[in-house]
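K.L.:
Structure below; questions to follow.
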Amino acid sequence: MKAFRRCSRILILWLLCVSVFVPIFLLSYRLKHTNDVSKDFVEDLSIIKHRTEAQTLSAIEQEELEGLKEPLLEVYKDDTSKSADNYSTSEDTRYSGVGIAANDAGLSGNNATRHHKDEGGQERQQQGELPASVKKEEPHIKRAQHDQVSNTRLRRKLDEKVQLMKDQLIRAKTYLSFTPSNSSSHFVKELKLRMKEVERAISHCTQDFSLSRSDMQRIKAMESTLFKARRIFPDCAAMIKKLRAMTYNAEEQVRSNRNQETFLKGLGGRTIPRGLHCLSMRLTAEYFALEPEERELPYKHKLQDPHLYHFALFSDNVLACSVVVNSTISTAMEPERIVFHIVTDSLNVPAISMWFLSNPPGKATVHVESIENFQWLSTKYSVTLQREGSIDPRYISELNHLRFYLPDVFPYLNKIVLLDHDVVVQRDLTRLWSINMRGKVNGAVETCKEGEISFHRMDMLVNFTDPIIANKFDPKACTWAFGMNLFDLQEWRRRKLTEVYHKYLHLGSERRLWAAGSLPIGWVTFYKHTVALDNRWQVLGLGYDSGVRQEDIDQASVLHFDGILKPWLDIGIERYKYLWRKHVKYEHPYLQQCNVHE
């Protein structure tokens, strides 16, 4: 019994020793090992940290060298699991600003202080620098370019959605046409409602240049309704037939509107404004109030002097004549040697004469004459001219075709410059008399250069399917313009070109040889008898093209408002009107009384 107790005590003591000393030993061993591991772990963390910082700095530098990438923007993404998202222009700008701020933060991080060890183990500090190419770029330029690209993408997406809505409307109208006109079914009501919603969405996009979430929902709703319509009306043949009929009707309507537009423009170009009619009436009344001896314009002795500079102007427009005369005389080096021959109809002779009597052109000579005074003209000319059949009286006007009788109208002159009444002179035109005509009759600016606004080919206005034309003329021959032309009257008489004109005038009355007007018959009359003038003598297109280059306008000696958009009409191109208006005396009392103003 005693022995058992002694063994028990020894076992208990051994267990106590084990339970006390073993944990102490293990704890001391663990603490020692933990210190070693901590040192290694700290060193490993330091290495990883330095590697991470180096990689981050390298990535930032690489991003700067390659340039900032622009975020991808989606105006609309058709996803069944998510609702449609739409970002307006303002929202895009806000998000792009956040991206720029983040990139700026990355740039500032790139400039952070870098630490590294040299060969001696000592740390030194080096301030990071941006590449020179990045330094030169201004932040606001990057931001502006980014915004511009983003806005362009948004606008393109918006245009696509607007076109989609328009296509939906066309399809909806087509399906609606298959239903009876008095139908009031649930589907018809739904389709009409969707059409109104889409029309409002299109109007909203056009005004605000943005697409809201509700607009996208309307597009989806319309697409769902159209899907129902496809199931209700599955007949493809009937749908194709209906669409063809709609297309044909639309084309006919466009063609009719274009014809109406052309007719109204032509009518507007031929109409005399109320102010000009009033001016003509007042001047006429004032003219007949004068004594007969007071109605004579001065310097009549210069009219037949071949050594002076003679200009011909055929017009029935008082104000247009005044602009041509004023602009020509104001730019001339020797205005006292200029003689203007104005030919008009008997109705406008008093008004035009009275204008120059009350507004004398300085030392220059102006002579006004009626076309009815040329008795020989009516027997040679009027019968065949009226057969052209044009609805535009300008093309069958005797004043328009009088240019082909210049040697007969001015028998005592050797050279003359013909000006249209829709021109403005910017340079001294007396230099034209020193041009070598090289035996030619007509000096004109050519219009055969492709790419120019005044480009013409002979086959555009002349019928080369007729054998008479095809055998005598080259369709690729260079064309030229009326408006400012220098004519050698002596050479004209020698070559008898007025008889050539009459020959083709008679042929044109018997068959369709050219379009109405005097230009194509002028091309065939002066064929191989025209010398090309420098293009700076005359610029064309101011009466029909708003895109004439300002450089060409500034360099031109003569500005020609050819076309129906004349500068004295309300339909004239506003961009060019100041060139004409600066030669109009708006302070004249008659112009004030007739409400003719700028």
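What follows draws every value from the coordinates through simple rules; no lab data is involved. Since we're looking at a predicted model, the values are computed, not measured. Glycine gets a Cβ as well: all are built from the backbone with ideal geometry, and neighbour counts include every protein chain shown.
K.L.:
Label Q148 and M281 with points 7 Å out from Cα along Cα→Cβ: what is the distance between them in nm?
P.N.:
Distance between the two pseudo-spin positions: 5.7 nm.
K.L.:
Using packing as a proxy for protection, rank 337-346, 461-470 so that the peptide with the highest average count of other Cβ atoms within 10 Å comes first.
P.N.:
Values: 337-346: 20.0, 461-470: 14.7.
Ranked from most to least packed, the peptides come out as 337-346, 461-470.
K.L.:
Here is a further query. What relative contact order, as a whole-number percentage, does segment 492-596 give when Cα pairs under 8 Å and 6 or more residues apart are counted?
P.N.:
Rounded, it is 16 percent for segment 492-596.
K.L.:
Restricting things to alpha carbons, tell me how big segment 295-364 is in terms of Rg and Dmax, in Å.
P.N.:
In order Rg, Dmax, the Cα atoms of segment 295-364 give 11.6, 34 Å.
K.L.:
So, one more: Given q = 0.20 Å⁻¹, what are the Debye log10 I(q)/I(0) values for segment 501-598, with equal point scatterers placed on the Cα positions and solvent ignored?
P.N.:
Reported log10 I(q)/I(0), two decimals: -1.01.
K.L.:
Going by average Cβ density within 10 Å per residue, which order do the peptides 309-318, 472-481, 586-595 take, highest to lowest?
P.N.:
Values: 309-318: 22.3, 472-481: 16.2, 586-595: 13.5.
Per-residue mean Cβ counts within 10 Å order the peptides as 309-318, 472-481, 586-595.
K.L.:
Would you work out the relative contact order for segment 399-534, in percent, from Cα pairs under 8 angstrom that are 6 or more residues apart?
P.N.:
For segment 399-534, the relative contact order is 37 percent.
K.L.:
Here's something else I'd like to know. Treating only the Cβ atoms of Lys and Arg (+1) and Asp and Glu (-1) as charged, compute the dipole magnitude of segment 274-594 about its Cα centre; round to the nearest 20 debye.
P.N.:
It comes to approximately 700 debye.
K.L.:
Out of residues 5 or more away from A312 or on other chains, whose amide H comes under 5 Å of its own, with H placed 1.01 Å from N in the peptide plane?
P.N.:
H341, V417, L418, L419
K.L.:
So what is the relative contact order of segment 274-594, in percent, for Cα pairs below 8 Å that sit 6 or more residues apart?
P.N.:
Relative CO of segment 274-594 lands at 19 percent.
K.L.:
Using square roots of five times the C-alpha gyration tensor eigenvalues, list the equivalent-ellipsoid semi-axes of segment 274-594 in whole Å, biggest first.
P.N.:
31, 23, 20
K.L.:
Sticking with this structure for a sec: Translational diffusion coefficient of segment 153-268 at 20 °C, 1.002 mPa s, Stokes-Einstein with Kirkwood Rh over Cα pairs, in µm²/s as a whole number.
P.N.:
132 µm²/s
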